[in-house]
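Below is one structure; the comments refer to it alone.
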Ligand SMILES: CC(C)(COP(=O)(O)OP(=O)(O)OC[C@H]1O[C@@H](n2cnc3c(N)ncnc32)[C@H](O)[C@@H]1OP(=O)(O)O)[C@@H](O)C(=O)NCCC(=O)NCCS
């Protein structure tokens, strides 16, 4: 019976909510599966406990399907990370997460949002383009420590 209920919920609709330090381990797992260099559970826990960090998650049943987090400072925010679990990509989950996240940042008085994205990362670039970000800078060789020579694009979106 419990197994049946778990399977039913696992097939449920994606639910979007704020993330908290209790999500640190699941977020660290998804992050490690999505990026060359993972961040530890402890690093995410510390980030999620910071007063100036805003984070959202998408869950399907009890499973984390995506997250996004930003750090705020002086009326600006930097998106530190966003990822969607591989099996759920290409269905608009990141777009939904990002738009909800930007709405929350605007509500907190953030006027401009920045982020860095690998210029070769087309899914992420399309995601940000569609959300109204524009390129404001380039950092050649930014990802060298990940064994890549790719350029980071610095993107900005004004909210005010
Ligand atoms: C980037 C990422 C979060 C997008 O998540 P997602 O839920 O698949 O995104 P969406 O379904 O909302 O789609 C976003 C855009 O990417 C496009 N896209 C999705 N998969 C793609 C692919 N394999 N190649 C090219 N574009 C792709 C979609 O078509 C969409 O663009 P459109 O609106 O112009 O059609 C996801 O690919 C991911 O977790 N990647 C690994 C982590 C990462 O790179 N994070 C970003 C760091 S800056």
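The values are calculated or read from the model by the stated rules, or taken from the named source; none is laboratory data. Computed from a predicted structure; not experimentally measured. All Cβ positions, even for glycine, are placed from backbone atoms using ideal geometry, and neighbour counts span all protein chains on display.
Please go through region 127-142 and give me each residue that is farther than 26 Å from residue 93 by Cα and in contact with a strand residue (DSSP E or B) (Cβ under 7 Å, 6 or more places away or on another chain), ordered by number. Break it down stepwise before answering.
Residues of region 127-142 farther than 26 Å from residue 93 by Cα: 137-142.
Passing the criteria: 137, 138, 139, 142.
Among the residues of region 40-56, is any within 9 Å of the ligand (Cβ to nearest atom) and at pLDDT 95 or above? Before the answer, list the steps.
Narrowing region 40-56 to residues within 9 Å of the ligand (Cβ to nearest atom): none.
No.
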Report summary line: All-but-one check, residue 97 against (1) away from the ligand (no atom under 13 Å from the Cβ); (2) under 17 Å from residue 15 (Cα atoms); (3) buried (at least 20 other Cβ atoms within 10 Å of the Cβ), failing number (1)
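I'd like to verify a number: residues in region 63-72 that are more than 9 Å from the ligand (Cβ to nearest atom) and within 18 Å of residue 35 (Cα to Cα), how many? Give the derivation first.
Within region 63-72, the first condition is being more than 9 Å from the ligand (Cβ to nearest atom), and the residues that meet it are 63-64, 67, 69-72.
Right, trim to within 18 Å of residue 35 (Cα to Cα) and you get 64, 67, 69-70.
Of the residues in region 63-72, 4 are more than 9 Å from the ligand (Cβ to nearest atom) and within 18 Å of residue 35 (Cα to Cα).
I'd like to know if region 73-91 contains one or more residues that are away from the ligand (no atom under 15 Å from the Cβ), surrounded by 15 or more Cβ atoms within 10 Å (Cβ to Cβ) and farther than 22 Å from residue 34 by Cα. Even if it seems obvious, please write down each step before you answer.
Here is the first cut: in region 73-91, the residues away from the ligand (no atom under 15 Å from the Cβ) are 73-76.
With surrounded by 15 or more Cβ atoms within 10 Å (Cβ to Cβ) added as a condition, the list becomes 76.
After this cut, where a residue has to be farther than 22 Å from residue 34 by Cα as well, the list is 76.
Yes, that holds for at least one residue.
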Requested in this report: Examine region 132-140 for a residue that is within 15 Å of the chain's Cα centre (by Cα), modelled with pLDDT of 95 or more and surrounded by fewer than 15 Cβ atoms within 10 Å (Cβ to Cβ), and state whether such a residue exists.
Outcome: no
